[in-house]
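J.: Sharing a structure with you now.
The values are calculated or read from the model by the stated rules, or taken from the named source; none is laboratory data. On a predicted model such as this, the values are computed, not experimentally measured, just so you know. Neighbour counts run over all protein chains shown; Cβ positions are idealised from the backbone, glycine included.
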Ligand SMILES: [Fe+2]
C-alpha cells in the first residue's frame with residue numbers, strides 16, 4: 001500500500017484533465033500527444049522504482065514523484081503552438097512547463113518546500129548539466145527525474161531508431177536519415193566518456209550514439225540496472241553501420257553497459 005507521502009492520485013487526475021484537451025485537436029495530433037502522456041506514465045513508474053530503492057526523506061520522495069509526473073507539462077503547450085518537440089525550433093519546454101504549472105496552480109496545495117523542489121526539477125530536467133552548488137535535496141529530486149526520463153527515452157526511441165523504421169520527424173527531432181553517416185564529434189564524445197549534446201545531432205546514427213553516452217550518466221544504481229536489464233541499448237546499437245570508429249564507440253558503450261548491469265556507473 002502507498003504511504004500518504006507517495007499517494008499522488010489527486011495530481012495524476014489533475015494531469016489527466018490538463019492533457020485531455022490536447023487529444024482533441026485533430027487525428028494527426030493524437031499520436032504525438034499520446035506519446036508524451038504515455039511517456040509521463042512510464043517516467044513516473046521509473047521514478048517510483050528509484051524512490052523505492054533509495055532511502056530518501058518523505059519530502060524528497062513526494063517531490064520526486066510529483067516532479068516526474070509534471071516534468072514534461074511544457075510539451076503540451078509547446079506542441080500546440082509549434083507542432084514540434086524540438087526546443088531549438090520552438091521554446092525551452094522545461095521553462096514553459098514550470099510557468100504553466102505555476103499559472104495553473106497545480107502545486108498550490110503542496111507545502112512550499114515540496115513546491116520549490118518540484119518546480120526546480122521540472123525546469124532543470126532537460127539541462128545539459130545540472131548546475132553545481134544547488135542544495136542536496138534539489139539535486140536528488142532533479143536526478144531522479146533525469147534518470148527516469150532518460151530510461152524512458154530509450155524505450156520511446158528504440159522502435160523509431162530501428163533500421164528501416166518509419167521515422168516520425170517530430171519524434172526523431174528532424175535529424176537526417178542517412179544510414180551511412182554519423183558525426184565524428186559524437187563518436188569523440190562516446191570515446192571520451194562525455195554526454196553528447198542534442199545540439200550536435202545531425203543524423204539518425206548520431207541519435208543512436210547519443211543515447212549510448214547516457215549509459216554512464218545515470219546516477220542511481222536502480223536506474224542503471226533497469227537500463228541494462230531492458231536490452232534496449234544493444235538493440236539501438238545493432239542498427240549502427242560498420243566502421244572502425246563505430247566499432248570502437250560500440251565497444252565503449254557496451255563496456256559502460258556491463259558496468260551498469262552491476263549497478264556501477266560514472267555519474
Ligand atoms: Fe522533457
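J.: Which one of the conditions (1) in contact with a helix residue (DSSP H, G or I) (Cβ under 9 Å, 6 or more places away or on another chain); (2) at positive phi does residue 156 fail to meet, given that it meets all the rest?
T.: (2)
J.: While we're looking at this one, here's another question. Examine segment 92-100 for a residue that is in a helix (DSSP H, G or I) and away from the ligand (no atom under 16 Å from the Cβ), and state whether such a residue exists.
T.: No, there is no match, as no residue in segment 92-100 is in a helix (DSSP H, G or I) and away from the ligand (no atom under 16 Å from the Cβ).
J.: For segment 58-67, check the following and say yes or no: at least one residue is within 14 Å of the ligand (Cβ to nearest atom) and touching a helix residue (DSSP H, G or I) at 6+ places or on another chain (Cβ under 8 Å).
T.: yes
J.: Would you point out the residue of segment 111-124, among those that are more than 17 Å from residue 95 (Cα to Cα) and assigned to a helix (DSSP H, G or I), that is nearest to the ligand (Cβ to nearest atom)? I'd like the intermediate steps shown before the answer.
T.: Our first condition is that a residue be more than 17 Å from residue 95 (Cα to Cα); within segment 111-124, this holds for 111-114.
Narrowing further to those that are assigned to a helix (DSSP H, G or I): 112-114.
Numbers: 112: 24, 113: 23, 114: 20 Å.
For segment 111-124, the residue satisfying everything is 114.
J.: Further question on the same structure: For segment 192-237, name all the residues that are assigned to a helix (DSSP H, G or I) and free of Cβ contacts under 8 Å to residues at least 24 places away in the same chain.
T.: Of everything in segment 192-237, those that are assigned to a helix (DSSP H, G or I) and free of Cβ contacts under 8 Å to residues at least 24 places away in the same chain turn out to be 192, 200, 234.
J.: Applying the selection to segment 125-143, what residues are in contact with a helix residue (DSSP H, G or I) (Cβ under 6 Å, 6 or more places away or on another chain), touching a residue at least 60 places away in the same chain (Cβ under 8 Å) and within 14 Å of the ligand (Cβ to nearest atom)?
T.: 142
J.: Also, I was wondering about something else. Would you confirm whether any residue within segment 75-82 is within 14 Å of the ligand (Cβ to nearest atom), more than 27 Å from residue 236 (Cβ to Cβ), part of a loop (DSSP other than H, G, I, E, B) and modelled with pLDDT of 95 or more?
T.: No, the conditions are met nowhere in segment 75-82.
J.: Which condition number in (1) part of a loop (DSSP other than H, G, I, E, B); (2) modelled with pLDDT of 95 or more is the one that residue 128 fails?
T.: With (1) part of a loop (DSSP other than H, G, I, E, B); (2) modelled with pLDDT of 95 or more applied to residue 128, the lone miss is (2).
J.: Would you pick out the residues in segment 224-235 that are under 16 Å from residue 156 (Cβ atoms) and in contact with a helix residue (DSSP H, G or I) (Cβ under 7 Å, 6 or more places away or on another chain)?
T.: 226, 227, 230, 232, 233, 235
J.: Out of segment 32-44, which residues are without any contact (Cβ under 8 Å) to a residue 24 or more places away in the chain and farther than 18 Å from residue 77 by Cβ?
T.: Those that are without any contact (Cβ under 8 Å) to a residue 24 or more places away in the chain and farther than 18 Å from residue 77 by Cβ: 38, 41.
J.: Can you spot a residue in segment 60-74 that is modelled with pLDDT of 95 or more and more than 27 Å from residue 225 (Cα to Cα)? Break it down stepwise before answering.
T.: Here is the first cut: in segment 60-74, the ones modelled with pLDDT of 95 or more are 60-74.
When the remaining residues are screened for being more than 27 Å from residue 225 (Cα to Cα), the result is 73-74.
Yes, segment 60-74 contains at least one residue that is modelled with pLDDT of 95 or more and more than 27 Å from residue 225 (Cα to Cα).
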